[in-house]
Amino acid sequence: MLGSINPALYSVFFRLLLLNMRRSAAPSQLQGKHLKKTKFIPPARSNPSPNEEITKLNPDIKLFEVAANDTLLQSQTNPRICSLNLLPAEESGREINHGDNYKEKYCFEAPAMATLELHHTVHSSPKEITVSKGQEVEPENLVKYFNVIWRKASKKKHKKWEGDAVLIVKGKSFTLKDLEGKDIGRGTGYKFKDLEKIEEGQTMMIGGKEIEVMDIISPDDFSSGKCFQLGGGSPAISSSSQAANRCFLNPLKSVCKPTSKENTQSIFQNCKPRHDPYLPNSLVMLRPDNNHQRMFNKNCFPVVDVVIDPHLVYHLRPHQKEGIIFLYECVMGMRVNSRCGAILADEMGLGKTLQCISLIWTLQCQGPYGGKPVIKKTLIVTPGSLVNNWKKEFQKWLGSERIKIYTVDQDHKVEEFIKSPFYSVLIISYEMLLRSLDQIKHIKFDLLICDEGHRLKNSTIKTTTALISLSCEKRIILTGTPVQNDLQEFFALIDFVNPGILGSLSSYRKIYEEPIIISRQPSASEEEKELGERRAAELTCLTGLFFLRRTQEVINKYLPPKIENVVFCQPGALQIELYRKLLNSQAVRFCLEGLLENSPHLICIGALKKLCNHPCLLFNSVKEKGCSSTWDENEEKSLYEGLINVFPADYNPLLFTEKESGKLQVLTKLLAVIHELRPTEKVVLVSNYTQTLNILQEICKRHGYAYTRLDGQTPISQRQQIVDGFNSKYSSDFIFLLSSKAGGVGLNLIGGSHLILYDIDWNPATDIQAMSRVWRDGQKHPVHIYRLLTTGTIEEKIYQRQISKQGLSGAVVDLTRTSEYMQFSVEELKNLFTLNESSHCITHDLLNCDCTGEQDHTGGSCHLHWKEYVQGGDQGRRASQCCSSQRTEDYN
Ligand SMILES: Nc1ncnc2c1ncn2[C@@H]1O[C@H](COP(=O)(O)OP(=O)(O)OP(=O)(O)O)[C@@H](O)[C@H]1O
Ligand SMILES: [Mg+2]
């Protein structure tokens, strides 16, 4: 009986396992200053004129060098740089609050690569091996690297150099690589004496190619890959990147050009910061350096401080201030010369929306040159469920008068936005964007924000190609779960925001992906490992300039505590019998023998997962397919054959009972306890399947719980209303039924303080996203997360896989990856297709926990066994495990 449940029982309700699953990403490395490299200059013009020298520093060509070495140009006197500056000269060194870690502006956390762990370890450079005779290294092992230019051997009079290359001399052999990393020449058997003598300026014939040695490359520059970035025709400016070239256009040109002399004068006279930069808490953006001014301030407007609206600053958390500075510098092309893209990959709930709103509001009203606004129109593309959430956030932070927002839905077409001069921000879902692309293409957007942008990981999908086709060069991707375990997908995100910055895909593969992947293989040699690590560090360094990720730790102190519980539930009798039968089916046996084609294991896995949720979910398939005579459904037939006899003869799936599913039984008890003991608190109940949500909805009805529901069928226009209704303190809803596919990302469900994940996904990122819906800014109560797992079944195995993957990678994984892409070995399938009935909880057994798992809970005694340990490196997080035991029968 509900009334008789002891409150203490609430806390020890089930077998618990608390695991803190994420680790902080380590900080990125400061990008070092690169030495200026000799470039590919045709020999006849080997003494460049001063102008050419400047051309060499054109960011299009010397991208990484200039990005890291801004001072190079600043120190030069350039008469074209405006000297008119309304602030006194000495002011340039004044104290203005540029945010907490302003000084370390390039030290934000870099992208953490999950499986490939592309991060952070900058290893000492490989020992330099030279060919000098005094050394004891065997000649065959000596390696030297050179920048060279090359051309085919020819007797023609007017020969042309064809390009830059890297010459690698090892012992008696050499390899010539172009700047995309491809081998373009090889040779062996050379006299050691000849190779030993190679020096700058020397020309020689090697492998049918004439080369001229430009300079020596240090082993460090070779292993980091820098020597490939800096040459002429640098991959950083590959032809794939039209947009990259467009970055050099003056971002202000459409909004900043003064139309008349008077206009110019008035700009000069009235030009002052919109907000006072000297107030104690003012947040002032970085002033453009001389290089930037030369590029973007063609009209020589006075430089004015850009100051974030104090109204916003008042609310901003420290990490949000840093985030705004980061975004500002990225989109203004101040971090990587003339590249205007950024990826803000803060973990869920850190307020990426507010950071973007602050940026939009700032750029729309201000600019560093003459105070003229940098942008006019912004396009925000977001999942359907979040369109109105964005609008609401704009209103929350800026009210409805400051900025006019237009959201597109069935009844509000893009045409309205085009016709009206009032709106400056267009918010649209990814689906609607594709439908309205023709109209959208004709609008000039100055800033593009792609929320939950991990979906752009594939450059060939329609959404990505549609967005790439928009001419806007200031692009921001927002994501709480960036693609981090696949280097190609990572490339797609990077290339979307800063097209061409990593070169072409083929050069990226040769220079970064291949060495990194090879270095991770167990068979990798020391040399390969070292090379892979160096390339990974270099890649992290480059992308870290415009990739920012902070973990939830930064907001911990503003939020109430969060308690994560993993609840292991014993399966019901019907479930066990059906489960055994499924595992004995011909389909499963064939899978284990590798005898069937077309991934039949996915059908088997799907059936087992349904069964774990509730046997009634399987009944219809069993009835239809188990008895079907259609040849096509042979595989499913062989899975379900004979199962119908396990169900009671008069079984009616509509009249399902709680007892038939261990998890459902636990769930109903849990809901009852929460309802009784915390009557003012609400529950978010999440499933990956609509059919399961139907069952959960039926449970709500049976128990008289007021509920609301959001799934894929809910019209987009109604979604925010449903969310607002639930979050309102006046709402009588006790339960929010949520489909993780439809509403797992981005939603704020702070009205609920209990979140129950009814089923588990293969991809931990999906679960983490769903779990982050309630533990967010604005939450008033301590948050309880419950993950329900059926003991001994496939659910426990998936959970273990999740933990081990996260443990290994220490970072999130790709949100969009589903089981269809998963490969299983026969061994893994054997493990998945086993029912462990002998143990109460195999996960608990694997943890080697001291607790016996056999506590007696009668009388409400709480026997919890705690272990605390520190995970990770310097920023190691506290993770807690709590093991307790309870059989579901105890609650009958
Ligand atoms: N400085 C702040 N003070 C108070 N509330 C804030 C602040 N910043 C953000 N919030 C609130 O926190 C909630 C979460 O913010 P937001 O939706 O922007 O998170 P997010 O980073 O986009 O997370 P997700 O990756 O899940 O989409 C919102 O309700 C937002 O209004
Ligand atoms: Mg968001």
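Quick notes
- So Ser506, is it over 18 Å from Asp221 (Cβ atoms), surrounded by fewer than 23 Cβ atoms within 10 Å (Cβ to Cβ) and free of Cβ contacts under 8 Å to residues at least 40 places away in the same chain: no
- Candidate set from region 715-751 (those that are polar (S, T, N, Q) and either away from ligand 1 (no atom under 15 Å from the Cβ) or assigned to a loop (DSSP other than H, G, I, E, B) (or both)); member that is nearest to the chain's Cα centre (by Cα): Asn748
- The one condition in (1) closer than 24 Å to His454 by Cα; (2) within 16 Å of ligand 1 (Cβ to nearest atom) that Val331 fails to fulfil: (2)
- Applying the condition of being part of a loop (DSSP other than H, G, I, E, B) and among the basic types (Lys, Arg) to region 334-355 and asking which residue is nearest to ligand 1 (Cβ to nearest atom) yields Arg335.
- Test: residue in region 356-375 that is within 16 Å of ligand 1 (Cβ to nearest atom), modelled with pLDDT under 95 and within 19 Å of the chain's Cα centre (by Cα): no
- From the options Leu433, Leu437, Leu478, residue that is within 16 Å of ligand 2 (Cβ to nearest atom) and either in the same structural domain as Leu548 (by TED's automatic domain parsing) or more than 18 Å from the chain's Cα centre (by Cα) (or both): Leu478
- The lone criterion from (1) closer than 29 Å to Val408 by Cα; (2) more than 16 Å from ligand 2 (Cβ to nearest atom) left unmet by Ile798 is number (1).
- Restricting region 383-402 to residues that are in contact with a Ser or Thr (Cβ under 6 Å, 6 or more places away or on another chain) and away from ligand 2 (no atom under 13 Å from the Cβ) leaves a set whose member that is nearest to Gln439 (Cα to Cα) is Gly384.
- Among the numbered conditions (1) in a helix (DSSP H, G or I); (2) touching a Phe, Trp or Tyr at 6+ places or on another chain (Cβ under 9 Å), the only one that Ile576 does not meet is (2).
- Hey, Ile511 farther than 22 Å from Leu344 by Cβ, surrounded by 17 or more Cβ atoms within 10 Å (Cβ to Cβ) and either away from ligand 1 (no atom under 16 Å from the Cβ) or of a type outside the set (Gly, Ala, Ser) (or both) or not: yes
- All positions within region 764-782 that are more than 16 Å from ligand 2 (Cβ to nearest atom) and surrounded by fewer than 23 Cβ atoms within 10 Å (Cβ to Cβ): Lys780, His781, Pro782
- Residue match in region 553-566 (condition: of a type outside the set (D, E, K, R), crowded, with 20+ Cβ neighbours inside 10 Å and at pLDDT below 90): no
- Qualifying residue in region 422-431 (condition: within 16 Å of ligand 1 (Cβ to nearest atom) and polar (S, T, N, Q)): yes
The values are calculated or read from the model by the stated rules, or taken from the named source; none is laboratory data. These numbers come from a predicted model, not from an experiment. So basically every Cβ, Gly included, is an ideal-geometry build from the backbone, and we count neighbours across all protein chains shown.
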